[in-house]
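These notes concern the structure reproduced below.
Each value in this text was obtained by applying a stated rule to the coordinates, not by laboratory testing. Worth saying up front: this structure is predicted, and the values here are computed from it rather than measured. Positions of Cβ are backbone-derived with ideal geometry, glycine not excepted, and every protein chain shown enters the neighbour counts.
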There are 2 protein chains.
Amino acid sequence: MSWSDGFIAVDWGTTNRRAYRLDASGRCLAEFEDAKGVLAIEAGGFPAAAGEIRERLGDLPLLLAGMIGSTRGWVEAPYVPCPAGLDDLVSRLSWIEPKRTAIVPGLSSAVGGNWDVMRGEEIQLFGAIDSALIPATALVCHPGTHNKWIIVEAGKITDFQTVMTGEMFNLLKSAGILAEFLAGAVAAGEPFRDGVRRGLEQKALTADLFSVRARVLLGNLDREDAADYISGLLIGLDISVGLGLAGDSDLIIMGRPDLARLYEAAAGVAGRGCRTVDGADAFIAGALAIGRTVE
Amino acid sequence: MSWSDGFIAVDWGTTNRRAYRLDASGRCLAEFEDAKGVLAIEAGGFPAAAGEIRERLGDLPLLLAGMIGSTRGWVEAPYVPCPAGLDDLVSRLSWIEPKRTAIVPGLSSAVGGNWDVMRGEEIQLFGAIDSALIPATALVCHPGTHNKWIIVEAGKITDFQTVMTGEMFNLLKSAGILAEFLAGAVAAGEPFRDGVRRGLEQKALTADLFSVRARVLLGNLDREDAADYISGLLIGLDISVGLGLAGDSDLIIMGRPDLARLYEAAAGVAGRGCRTVDGADAFIAGALAIGRTVE
């Protein structure tokens with residue numbers, strides 16, 4: 001069976017996986033998402049977990065991206081160092097079964113003493129470039145548990161930096177003195193924007209976080225506004241890192257729409273316009289771009 | 001019964017309490033510590049919990065300090081605003097039973113837009129001054145779950161700032177991508193000092209933390225050194241806040257000896273000498289100083 005007859009692309013992350021059946025023309029014929037991320041699969045269980053995807057979507061070639069290629073995944077697909085383009089991903093696919101099951105490698109960066117790794121965002125990024133969703137030179141922000149700031153120059157990723165904003169918010173929500181404030185949803189109103197302004201100053205986060213609690217106790221901040229402020233503080237700090245990497249490129253925010261909206265608002269506070277791109281669209285475009293290269 | 005015949009002082013925190021029976025001359029005749037912090041006591045259970053202390057140490061007056069005076073404690077002892085001295089604590093004791101059971105108030109600060117609160121450290125601080133463990137003008141660092149930087153001028157606390165270094169370390173240890181590195185003890189060797197140097201630069205913590213994982217994955221940092229580096233990073237950031245408050249006063253580190261050693265090492269990396277003072281000694285001195293004022 002040739003890949004030009006269609007294949008299944010899987011964004012296989014740490015806690016979830018999302019699979020798309022794509023036909024030769026690039027249409028998505030079927031898809032599903034479940035909680036069988038790599039951490040949910042026992043050692044030795046990956047062939048069966050992949051087989052289950054084929055049972056649900058068809059007996060087609062599989063292109064797997066994300067944490068499935070990490071040391072905790074099925075087979076380690078070694079990181080490709082930056083600068084890297086789509087061709088580098090294609091030439092470094094890890095083939096589990098020739099022409100039938102491949103894992104997309106992640107990228108590593110060690111520019112200017114900043115060590116960093118990504119897995120999963122690279123396929124979205126190159127897909128977005130290949131399908132002209134974003135320009136070939138840009139600064140791309142990819143919010144999530146681990147937000148990635150990606151510098152794209154002439155279609156290649158030349159450097160990137162991760163900021164663990166989502167993970168930090170989740171940790172603060174799970175336990176500790178701020179947890180009681182963080183149960184609800186976050187809105188990008190004035191308390192959020194206040195937090196962003198403070199975050200952009202890039203002060204010591206561990207000091208600013210305690211101050212939120214003190215302000216609530218002393219009546220200087222409404223308890224209901226604390227979650228928005230803390231989210232703004234973390235995203236503002238994040239933005240200060242990203243804008244420091246490439247201050248004048250076009251800024252693109254690519255990812256989950258709810259997070260993209262918060263980052264867009266924060267970028268606005270920093271005086272920076274941007275465009276947003278849906279991450280799922282970019283993933284499919286990236287899978288198609290890779291799939292076309294397979295005989 | 002007069003307090004000059006002796007009394008019991010209790011450092012009653014969120015998760016633990018430590019009680020000392022003190023005689024008229026200031027000697028500690030008996031003490032115990034248990035896990036009955038305020039969060040372990042049900043609503044309405046404080047009279048019984050205090051009675052239990054008297055059963056164990058004697059039917060004496062009780063002086064209670066720490067979170068026992070918070071909204072989650074027995075009776076709220078409102079914060080005393082800075083600047084404040086020992087006299088202000090004495091005049092604002094919250095009496096639960098006249099001459100027999102009192103709660104020491106905490107302090108609040110709102111200097112220069114930095115809102116902050118403390119409960120429990122103030123009695124140690126004034127005890128340390130009163131017993132000449134520290135000079136009447138100093139910068140005092142009080143490490144713990146929530147490290148306090150306290151500016152002391154002419155025997156009064158004029159300002160302070162909290163940095164939630166210990167809580168952040170515990171959160172990172174409890175879950176998330178760095179947890180697997182943080183199980184062991186921390187030593188103040190070269191990886192710790194490297195972390196301190198980075199922390200002192202006061203960069204975005206959420207970026208620096210992810211970078212630790214990337215460096216381990218890419219072979220730039222030994223897995224066994226990651227905990228020391230992360231501790232150094234957090235304490236270095238903490239030190240950068242504290243030294244920014246009062247750059248040239250005598251620096252005193254007061255608290256648990258294991259933590260005090262790490263802060264002493266970090267202060268050394270910042271080129272700053274310091275002295276250390278045991279927090280338990282300071283607490284007893286503070287309780288005695290207050291006890292002497294009660295008829």
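Placing a label point 7 Å from the Cα of residue A:220 along the Cα-to-Cβ direction, the distances to the matching points in the other copies come to 3.7 nm, shortest first.
Sorted from nearest, the other copies put their residue A:97 label points 7.7 nm away, the label point being 7 Å from Cα in the direction of Cβ.
Residues B:88, A:250 in ascending order of nearby Cβ atoms (within 10 Å, fewest first): A:250, B:88. For the stretch A:72-134, the Stokes-Einstein estimate of translational diffusion at 4 °C and a viscosity of 1.567 mPa s comes to 103 µm²/s, using the Kirkwood hydrodynamic radius over alpha-carbon pairs. Computed from the C-beta positions of residue B:258 and residue B:201 and an R0 of 35 Å, the FRET efficiency is 0.85 to the nearest 0.05.
For residue B:173, which lysines qualify as cross-link partners when the Cα separation must be under 18 Å and same-chain residues fewer than eight apart are set aside? Hits, sequence-local ones excluded: A:173. Once the C-beta distance of residue B:275 and residue B:43 is scaled by a Förster radius of 41 Å, the resulting FRET efficiency is 0.45 to the nearest 0.05. Note on residue B:220/residue B:185: beta-carbon distance plugged into 1/(1 + (r/R0)^6) with R0 of 22 Å gives a FRET efficiency of 0.45.
Since only B:161, B:293, B:251 are under comparison, the one whose Cα sits farthest along the positive direction of the charge dipole of the stretch B:76-295, derived from C-beta charges on Lys, Arg, Asp and Glu, is B:161.
The aspartates and glutamates whose alpha-carbon is closer than 14 Å to the alpha-carbon of residue A:156, local same-chain residues fewer than 8 away aside, are A:87, A:88, A:121, A:122, A:130. Of all the options A:241, A:111, A:140, the one that moves most in a Gaussian network model of chain A with Cα springs shorter than 10 angstrom is A:111. Could you give me the percent of Cα pairs per 5 Å distance bin for the stretch B:76-295, shortest bin first, beginning at zero and ending with the bin that holds the maximum distance? Bins of 5 Å from zero give 1, 7, 15, 18, 17, 13, 11, 8, 5, 3, 1, 0, 0, 0 percent of pairs. Rounded to the nearest 20 debye, the dipole size of the stretch B:76-295 about its Cα centre is 200 debye, using +1 on the Cβ of Lys and Arg and -1 on the Cβ of Asp and Glu.
Assign unit charges at the C-beta atoms only (+1 for Lys and Arg, -1 for Asp and Glu), then state the dipole size of the stretch B:127-181 relative to its Cα centre in Debye, rounded to the nearest 20.
Values: 3 positive and 5 negative charges, 6 e Å.
Around 40 debye, computed over the stretch B:127-181.
Legend: ranking of residues A:99, A:203 from fewest to most surrounding C-beta atoms inside 10 Å; resulting order A:99, A:203. Rounded to the nearest 20 debye, the dipole size of the protein assembly as shown about its Cα centre is 120 debye, using +1 on the Cβ of Lys and Arg and -1 on the Cβ of Asp and Glu.
When only Cα pairs below 8 angstrom with a gap of at least 6 residues are kept, the stretch B:148-206 shows a relative contact order of 16 percent.
In what sequence do A:94, A:25, A:231, B:108 fall when counting other Cβ within 10 Å, fewest first? Working shown, then result.
Details: A:94 17, A:25 7, A:231 25, B:108 20.
Fewest-to-most Cβ neighbours within 10 Å comes out as A:25, A:94, B:108, A:231.
Rg over Rh for the stretch A:1-82 works out to 0.98, both radii taken from alpha-carbon positions and Rh defined as the Kirkwood radius.
Counting Cβ atoms of other protein chains within 10 Å of each residue's Cβ and taking the mean over peptide B:163-170 gives 6. If I build a Gaussian network model for chain B, linking alpha-carbon pairs within less than 10 angstrom, which residue out of B:248, B:23, B:238 has the largest mean-square fluctuation? With Cα springs under 10 Å in chain B, the top fluctuation among B:248, B:23, B:238 is at B:248.
May I ask you to derive the relative contact order of chain B, considering only C-alpha pairs under 8 Å and at least 6 residues apart, and to give it as an integer percent?
Values: 582 pairs, mean separation 50.6, N = 295.
Once normalised by length, the contact order is 17 percent.
Rg over Rh for the protein assembly as shown works out to 1.07, using Cα positions for both radii and the Kirkwood form for Rh. For the stretch A:5-22, putting each phi into the Karplus relation 6.51 cos²θ - 1.76 cosθ + 1.60 with θ = phi - 60° gives couplings of 8, x, 7, 10, 10, 10, 8, 10, x, 5, 10, 9, 9, 9, 10, 10, 8, 10 Hz, in residue order, rounded to whole numbers and with x for Gly and Pro.
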